[in-house]
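**Student:** Encoded as structure tokens, here's the structure I'll be asking about.
Please treat every number below as a calculation from the coordinates, not as lab data. Being a predicted model, the structure only gives us computed values, none of them experimental. So basically every Cβ, Gly included, is an ideal-geometry build from the backbone, and we count neighbours across all protein chains shown.
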Amino acid sequence: MPALAIAQSEQIITLNDAAQHLLGMPAQGRHFITVLRQPSVVEAVEKCLADGSQATAEFLTRENGTDTTYTVSVSPVGKTGIALLSFQDITAVTAAGQMRRDFIANVSHELRTPLTALMGFIETLRGAARDDAKARTRFLEIMGNETERMNRLVDDLLSLSRVEAEERVRPDAEIDVASVVATTLRNLTLLATQADVVLVPDLPSEPVMMRADRDQLVQVCTNLIENAIKYGGKGKRVYVSLRIEAHIDALRARGLVLSVRDEGLGISPQHLPRLTERFYRADEHRSRELGGTGLGLAIVKHILNRHRARIKITSTLGQGSEFKVFLPLE
Ligand code: ADP
């Protein structure tokens, strides 16, 4: 931890290597103001030298091309009149705070959109469209869709927070993954039929046991297959397979490979690494049109982390995408 001492003469009398590295210039013997130029730090040091009071300040800097933030605590050394400064790197804490603020801003934005639409239609139904039965039916249908979207968003937010809370708890049930996939496919048959998509399963006939959380694996399969149906497109197929592999490179172990492949428009390569971020959408317009929340793959990622599993997404524009999940077998 970087640390340095300043005497009553206002000179830096000693500092450790970490402090030397942080300040990036020879600092021994120099006046502290010429080295620590930031007003809040200067103020804290002046106060400590003047009356021996303790204070903390923020010290912002740039190290190896990234912004870093330190908390500096300034405290007196006994009655010597010397001020001791110690620097603690709080960059990660600051970043977590920023992420939380971004998240709240995103959620508010996501809720605002359907709310604005609802408010507009209510206004219209009270005024201009009051006695127009046809418009009323149409508006009520849109209002129903927007309400469902908000409901899905709240459901997804709750699942995300549950999944995150459990991420460090190892699953302890032995479950049959083949039956999980089969059940999910059955549950989604109607959705596929409505979307004019054919589901093509290729599953082992024997049970495939692994230690996992059944409900969470159902959620992973559901989110991936639902996306394949949504983004795959009318008249296309969605291929779902599960197999055991003796050695999976991504895991350096024996494991299961679950593959969900569609014949849709595909995803541009620049989007692939970011798809599992919350609210990240490769095709904003399409996702909203299809009622997506932008949280499905983020939920998938957290569940897979808990199971020490990996996901690999590959896609060819115009030909389709494949989402492969690698689950380790102990
Ligand atoms: P959404 O609710 O928007 O579908 P997801 O987290 O499930 O959110 O997916 C994030 C984004 O990844 C989607 O908005 C979409 O752009 C892209 N995506 C996911 N699955 C597919 C797929 N099978 N084909 C094309 N794009 C996909």
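**Student:** Of the residues Glu245, Glu63, Glu146, which exhibits the maximal mean-square fluctuation in a Gaussian network model of the chain defined by a 10 Å Cα contact cut-off?
**Tutor:** Glu63
**Student:** Would you mind getting me the FRET efficiency between Asp155 and Asn64? Use the beta-carbon distance for r and R0 = 45 Å, nearest 0.05. Walk me through the numbers on the way to the answer.
**Tutor:** Numbers: r = 42 Å, r/R0 = 0.93.
Efficiency, rounded to the nearest 0.05: 0.60.
**Student:** Using the 10 angstrom Cβ neighbour count as an exposure proxy, how do Tyr239, Tyr231 rank, fewest first?
**Tutor:** Tyr239, Tyr231
**Student:** While we're here: Determine, for Thr66, Thr113, the number of other Cβ atoms within 10 Å of each Cβ, and report the residues in order from fewest to most.
**Tutor:** Thr66, Thr113
**Student:** Give me the three principal axis extents of segment 187-330 from the C-alpha atoms, as integers in angstrom, largest value leading.
**Tutor:** 42, 30, 27
**Student:** Now for a different question. Once the other residues with Cβ under 14 Å from the Cβ of His21 are scored (Lys, Arg +1; Asp, Glu -1), what is the net sum? It would help to have the intermediate numbers written out before the result.
**Tutor:** Numbers: positive: Arg62; negative: Asp17, Glu63, Asp89.
With Lys, Arg at +1 and Asp, Glu at -1, the net is -2.
**Student:** Can you compute the FRET efficiency between Thr116 and Ile313 using 1/(1 + (r/R0)^6), with r the Cβ-Cβ distance and R0 = 22 Å? Round to the nearest 0.05.
**Tutor:** 0.10
**Student:** Could you list the trypsin sites (Lys or Arg not before Pro) in segment 175-247 that lie in coil according to DSSP, counting only those with at most 15 other Cβ atoms within 10 Å of their Cβ? Can you show the working numbers first?
**Tutor:** Details: sites: Arg186, Arg211, Arg214, Lys230, Lys234, Lys236, Arg237, Arg243; in loops: Lys234, Lys236.
Within segment 175-247, the qualifying trypsin sites (Lys or Arg not before Pro) (loop, at most 15 other Cβ atoms within 10 Å) are Lys234.
**Student:** Just give me a number: lysine pairs in the chain, eight or more positions apart or cross-chain, with C-alpha atoms less than 16 Å apart.
**Tutor:** On the way: Lys47/Lys79; Lys301/Lys312; Lys301/Lys324; Lys312/Lys324.
The result is 4.
**Student:** I would also like to ask the following. State the extension gain, in nm to one decimal, for the chain segment bounded by Ser9 and Thr71, taking 0.36 nm per residue of separation less the distance between their alpha-carbons.
**Tutor:** 19.9 nm is the gain from fully extending Ser9 to Thr71.
**Student:** Work out, step by step, the length gained on full extension between Glu43 and Glu167: first 0.36 nm times the residue separation, then minus their alpha carbon distance; give nm to one decimal.
**Tutor:** 40.3 nm
**Student:** Grab the other residues whose beta carbon is less than 12 angstrom from that of Leu242, score K and R as +1, D and E as -1, and report the net.
**Tutor:** Neighbourhood net charge equals -2.
**Student:** Okay, moving on. Give, in nm to one decimal, the length gained when the segment between Ala135 and Thr147 is fully stretched (0.36 nm per residue of separation minus the Cα-Cα distance).
**Tutor:** Residue separation times 0.36 nm, minus the Cα-Cα distance, leaves 2.5 nm.
**Student:** In addition: So, counting K/R as plus one and D/E as minus one, what does the shell of residues with Cβ under 13 Å around Pro76 add up to? Before the final figure, lay out each step's value.
**Tutor:** Working: positive: Lys47, Lys79; negative: Glu46, Asp51.
Charge balance in the 13 Å sphere: 0.
**Student:** Positive end of the charge dipole of segment 69-224 (Lys, Arg +1 and Asp, Glu -1 on Cβ, about the Cα centre): tell me which of Pro76, Ala212, Leu140 has its Cα farthest that way.
**Tutor:** The residue sitting most towards the positive pole is Pro76.
**Student:** Which percent of Cα pairs goes in each bin when the distances of the chain are cut into 20 angstrom slices starting at zero?
**Tutor:** Once binned at 20 Å, the Cα pair distances of the chain give 24, 36, 27, 12, 0.
**Student:** Right, another one. Along the positive direction of the dipole of the chain (beta-carbon charges: Lys, Arg +1; Asp, Glu -1; about the Cα centre), which of Ala195, His271, Asn64 reaches farthest?
**Tutor:** Of Ala195, His271, Asn64, it is Ala195.
**Student:** Mind giving me the nanometre distance, one decimal, between the label points for Arg30 and Met99, set 7 Å out from Cα along Cα→Cβ?
**Tutor:** That separation, rounded to one decimal, is 3.5 nm.
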